[in-house]
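Derivation of every value follows stated rules applied to the coordinates shown; laboratory data play no part. In this text the structure is predicted, and so the values were computed from the model without any measurement. Glycine also receives a Cβ, built like all others from the backbone with ideal geometry; neighbour counts cover every protein chain displayed.
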Amino acid sequence: MAAMVSFAKRSNGQQSRVAVAVLLGASLLFGLFVLPRLDPGRSVLLGAQASDFALPVIYGGEPGGRIRLSELRGHVVLLDFWASWCRPCLEQMTILDRAAREPHFRTAMVIGVNSDEQPEQALALLGRLKPSYPTVADEGGAVARAFGVDGLPTLVVIGADGVVRAIETGVMSGEQIAALLDSAR
């Protein structure tokens, strides 16, 4: 009887390992082949024409003015999606401001895209930091959604032909940003 219990335990152990292996394999297949078709996300945006927008300028432009993406065709455009409550966004803004003053960056149009629900907070921050590039307000987040922004800060690089070349979330160095811009030229 003891031998049968030992065999049953061993058999249950093997069954458990097989069940785990099958579950892992099914999860892997689901992740590789099914999920990308359910939510293609950014990969669909890369290489596609950028969605046009016209957003109100809240800093660095004419009061009441708007920036329309389609009017920037012919220039490489770097969109910096940020919010005042996001500490990494402030770090990215400082890096971008420093980089935007470099001659290498002057061939690109840098535009801050604020995602704050309370524009007063963004205006206070912009007044303190005084970035060298304009900022627009994405009230309601429609532009962020159009570019697949799912975290902040996010940089979107659009080539002179209006095609989305890169979408990167997280803080990037000036050198990394320069490489993104070079790849879009």
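For this structure, a couple of remarks:
- Environment charge at Leu155 (Cβ cut-off 10 Å; Lys +1, Arg +1, Asp -1, Glu -1): -2
- Highest average packing first - 104-111, 127-134, Cβ atoms within 10 Å: 104-111, 127-134
- Extension gain, Ala48 back to Trp85 (0.36 nm per residue minus Cα-Cα distance, nm): 10.2 nm
- Extension gain, Gln14 to Thr94, is 23.1 nm, computed as 0.36 nm per intervening residue step minus the present C-alpha separation.
- With both residues required to sit in segment 43-184, DSSP beta bridges show an antiparallel share near 60%.
- Whole-angstrom gap from segment 144-185 to segment 82-138, using each part's C-alpha centre: 14 Å
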